[in-house]
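This report refers to the structure that appears directly beneath it.
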Amino acid sequence: VALIVAGEGAAPMARRIADATGWATTDAEFKTFPDGEAYARIPAAMDGQHVVIVQTGYPPERFWRLLLLLNAARENRAASVRAVVPYLAYARQDRLFQPGEALSSRLALECVRTQASGLVTVDPHKEDVARFFGPGFRSVSAEAPFADAFRTRRIDVVLAPDAGARPRAAAVAARLAAAVDHLEKKRLSGTEVEVAPKTLDVRGKRVAILDDIISTGGTMAKAVEQLVRQGAASVLCAGVHGLFLGDAADRLRRAGASELLASDSIETEHSRVSVAGVLASALLEAPAAQRTR
Ligand code: R5P
């Protein structure tokens with residue numbers, strides 16, 4: 001049995017995880033001092049309790065809220081402290097792409113590691129960031145909930161936006177016996193480039209493009225436009241983590257998307273797939289390590 005603490009904006013997710021685990025939830029308090037410094041407090045008694053902090057990593061300042069809450073649990077004698085970070089921030093910078101860069105992903109996970117014995121997240125941008133946390137890191141897959149959503153929408157083809165994203169699309173497609181392919185750029189002439197499925201013909205098909213992140217929507221908008229032109233019956237844009245920055249949603253709709261779909265790892269109006277169940281299962285499966293300090 002654990003106590004679930006809802007971080008900033010995390011009350012809905014905390015409640016869904018509580019429903020699936022049968023554990024109690026409690027809220028945290030936040031303040032911002034006049035100079036901009038953040039303050040966090042968990043009013044509930046935590047002495048001897050197994051505490052689970054739920055705090056997603058977007059917007060990015062929530063990552064600092066996460067560290068404060070983990071620390072609040074630790075400093076107030078929780079028996080164990082675990083983090084549920086549905087969208088793991090800073091997972092893109094998982095290596096040095098250029099000399100002189102910060103290795104943000106390692107730093108972020110090492111910071112969490114100083115305060116928590118475990119971290120559960122959903123489909124991090126690169127799975128191998130797990131090595132920066134070590135034992136206690138658990139990433140769960142959103143494949144099953146997305147497969148359910150695609151089944152309801154009678155999707156014929158699941159498309160990955162590129163070859164690298166194909167394994168996720170293939171795993172989801174296999175669950176609903178849909179076809180799978182990935183998009184690639186095809187040069188039509190010296191100046192014209194088309195984005196099209198590598199082998200499949202989408203004419204008359206209900207297509208879903210599935211990416212791990214929809215950020216500005218730029219990657220998908222181009223693909224949607226061309227799939228519509230290629231005769232797709234409908235094109236659903238799905239992202240495990242939907243940031244939908246700026247006018248991303250309008251841009252995708254203008255491009256011809258029939259629906260925008262994301263998980264509740266980041267709560268938006270498009271979060272109609274819940275990863276609470278897979279997060280809850282991971283928490284129930286892996287017992288919390290006792291604190292060592
Ligand atoms: C990139 O590496 C990710 O997998 C997504 O394809 C990317 O974040 C999407 O970004 P945007 O929506 O801005 O095109």
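Considered as a group, the residues in the range 71-106 that are among the acidic types (D, E) and either farther than 16 Å from A40 by Cβ or modelled with pLDDT under 95 (or both) include one that is least open to solvent (accessible area, probe 1.4 Å), and that residue is D94. Scanning the range 214-229 for residues that are more than 15 Å from the ligand (Cβ to nearest atom) and either surrounded by fewer than 18 Cβ atoms within 10 Å (Cβ to Cβ) or of a type in the set (G, A, S) (or both) yields a single hit, R229. Within the range 235-252, the residues that satisfy the criterion of being under 19 Å from R153 (Cβ atoms), of a type in the set (A, V, I, L, M) and near the ligand (Cβ under 10 Å from one of its atoms) are V240, L252.
The criterion of at least 2 residues that are of a type outside the set (A, V, I, L, M) and away from the ligand (no atom under 16 Å from the Cβ) is met by the following strands (runs of 3 or more DSSP E) wholly inside the range 33-146: 38-41, 80-85, 137-140.
V273 falls short of the stated requirement of being modelled with pLDDT of 95 or more, within 16 Å of the ligand (Cβ to nearest atom) and either within 14 Å of A149 (Cβ to Cβ) or of a type in the set (S, T, Y) (or both).
Please indicate, with yes or no, whether at least one residue in the range 202-213 is open to solvent by 70 Å² or more (accessible area, probe 1.4 Å), farther than 23 Å from T121 by Cα, not in a strand (DSSP E or B) and not basic (K, R).
If we filter the range 202-213 for residues that are open to solvent by 70 Å² or more (accessible area, probe 1.4 Å), which is where we start, we get 203, 205-206.
Of the ones still in play, those that are also farther than 23 Å from T121 by Cα are 203, 205-206.
If we keep only those that are not in a strand (DSSP E or B) too, we end up with 203, 205.
Next, from what is left, pick out any that are not basic (K, R): none.
No, the conditions are met nowhere in the range 202-213.
The set of residues from the range 178-204 being in contact with a helix residue (DSSP H, G or I) (Cβ under 9 Å, 6 or more places away or on another chain) and more than 16 Å from the ligand (Cβ to nearest atom) comprises A178, A179, V180, D181, E194, A196, P197, K198, V202.
Only one of A221, A280, A257 is farther than 19 Å from L183 by Cα and of a type outside the set (S, T, Y). Can you tell me which? Walk me through how you get there before you give the answer.
Numbers: A221 fails: farther than 19 Å from L183 by Cα; A257 fails: farther than 19 Å from L183 by Cα.
Criteria check complete, one pass: A280.
Look at D27 and say whether it is among the acidic types (D, E), without any contact (Cβ under 8 Å) to a residue 60 or more places away in the chain and surrounded by 13 or more Cβ atoms within 10 Å (Cβ to Cβ). Criteria met by D27. Counting the residues of the range 256-280 that are open to solvent by less than 30 Å² (accessible area, probe 1.4 Å) and β-branched (V, I, T) gives 3. The set of residues in the range 230-255 being touching an Asp or Glu at 6+ places or on another chain (Cβ under 6 Å) and surrounded by fewer than 20 Cβ atoms within 10 Å (Cβ to Cβ) consists of A255 alone. Would you check if A173 is outside any strand (DSSP E or B), within 24 Å of L279 (Cβ to Cβ) and within 14 Å of the ligand (Cβ to nearest atom)? Considered against the rule, which asks whether it is outside any strand (DSSP E or B), within 24 Å of L279 (Cβ to Cβ) and within 14 Å of the ligand (Cβ to nearest atom), A173 comes out as no.
The values are calculated or read from the model by the stated rules, or taken from the named source; none is laboratory data. Just so it is clear, the structure is predicted and the values come from calculations on it, not from any experiment. A quick note on method: Cβ atoms are made from the backbone with ideal geometry, for glycine too, and the neighbour counts reach across all protein chains shown. What goes into the accessible areas is simple: the full protein's heavy atoms, side chains included, and nothing from ligands, DNA or RNA. Shrake-Rupley method; radii C 1.70, N 1.55, O 1.52, S 1.80 Å.
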